[in-house]
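Derivation of every value follows stated rules applied to the coordinates shown; laboratory data play no part. A quick note: this is a predicted structure, and the numbers were derived from the prediction, not measured. Quick reminder, even Gly has a Cβ in these numbers, built from the backbone with ideal geometry, and neighbours come from all protein chains shown.
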Amino acid sequence: MKEIFQHFRPEEKEKIIKFNSRFEVAERDYYPVLLDFLDPREQNIVESLAGHYPDVGLRFYGGGETCGRERMRAMLIPAMMEVTHDDFEVMVLELEYPEKFVDLSHRNILGAIMNVGLDRSLIGDIVLGETIQFAIARPYHHIFETELTMIKNAPVTLSEVPHEHLKAIIDDGTAETILISSFRLDTVTAEMLKESRAKAKNRIEKMKVKVNHTRVTNPAMVVEEGDVVSVRHFGRFKVTEMLHETKKGKFRVKTKVYKSN
């Protein structure tokens, strides 16, 4: 386990231990183990752990096409066993609302879903397009159907659609390349928001910043490729690629910016 810990952040140790225990169960009991919806960072952790369990296979599924999917459930599958997409217990709900009277954003929908009182790990991708769809863990569908009836004071109705019909996410992020002196969270956030590092540091310490959906308070936290940083009243950005170090010792980084709406 020590070699796994060294590749991830200290604050992720508890999560690594939890996922590792699930691999141990799959291996010991020779039974498929289903995990909740994982964000890309958690998927990376699980993939790293899978390398230490050669007799346990790993599959992801979050509904619809796997390519481009952000949040997916993981299945730990002992050798020689087979599973289908139905075994992932993914349910897709389509949301209808009076479009003439209200506009709903991703933030509105996620906020309303979270107000149902369930953990974020039980909710998959939220897809906005011609229709609004979102994936959930099937055993909890009755809670959504009874509790999620209003968003922004507008009535909404939910109907199930086949999980394989979950639409692909439309990436509406704006590509932006930044030049930073270090990968500290406050430095990267300051550059993305075009503000002083002191102001960015204050935002982080006041719990207004999340990294990979987890609230952080350490301005010195090192941002890595693939991290998604959410800033209250701004939106979110994703570090997509570390390009290179300049002759002056700075780092050129590619990002995707998703403004709050």
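Numbers below:
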| read-out | value |
| --- | --- |
| Of the GluC sites (Glu not before Pro) in segment 126-196, those whose Cβ has at most 12 other Cβ within 10 Å and which sit in DSSP loop | E130 |
| Filtered chymotrypsin sites (Phe, Trp or Tyr not before Pro), segment 87-164: DSSP coil and at most 10 other beta carbons within 10 Å | F101 |
| Estimated vicinal HN-Hα couplings, Hz - segment 32-45 in sequence order (Karplus 6.51, -1.76, 1.60; Gly, Pro = x) | x, 10, 9, 9, 6, 5, 10, 7, x, 5, 5, 4, 5, 4 |
| Per-selection metrics, the chain (Cα): Rg and Dmax in Å | 19.8, 59 |
| Dipole axis of segment 107-261 (+1 Lys, Arg; -1 Asp, Glu on Cβ), positive-most option in A175, P162, F144 | A175 |
| Enclosed volume per residue, in Å³, of the convex hull spanned by Cα atoms of segment 4-82 | 92 |
| Mean Cα-pair separation over length for segment 90-165, i.e. relative contact order, pairs under 8 Å, 6 or more apart, % | 52 |
| Segment 202-209 - phi-based ³J(HN,Hα) in whole Hz, Karplus 6.51/-1.76/1.60, Gly and Pro as x | 5, 4, 5, 5, 8, 6, 9, 10 |
| Farthest positive-ward along the chain dipole, Cα basis, beta-carbon charges - from P98, S48, V253 | V253 |
| Amide H partners (placed H, <5 Å) of I151, local residues excluded | V156 |
| Whole-number percent relative contact order across the chain, with pairs defined as alpha carbons under 8 Å at least 6 apart | 15 |
| Using θ = phi - 60° and Karplus 6.51 cos²θ - 1.76 cosθ + 1.60, couplings along segment 70-87 (whole Hz; Gly, Pro as x) | 8, 9, 9, 7, 10, 10, 9, 10, x, 3, 6, 9, 10, 9, 10, 4, 4, 5 |
| P(r), alpha carbons of segment 90-165 - 5 Å bins starting at zero, rounded % | 3, 15, 33, 28, 16, 4, 1 |
| Those lysines that a straight Cα-Cα span of less than 16 Å connects to K152, excepting residues fewer than 8 apart in one chain | K100 |
| In segment 189-261, the trypsin sites (Lys or Arg not before Pro) that fall in loop regions by DSSP, at most 11 other Cβ within 10 Å | K194, K206, K247, K248 |
| Nearby lysines by direct alpha-carbon distance to K256 (threshold 19 angstrom, same-chain neighbours under 8 apart not counted) | K194, K210, K238 |
| Residue-averaged [θ]222 nm for the chain, counting only DSSP H segments that reach four residues, each worth -39500 (n - 2.57) | -7500 deg cm²/dmol |
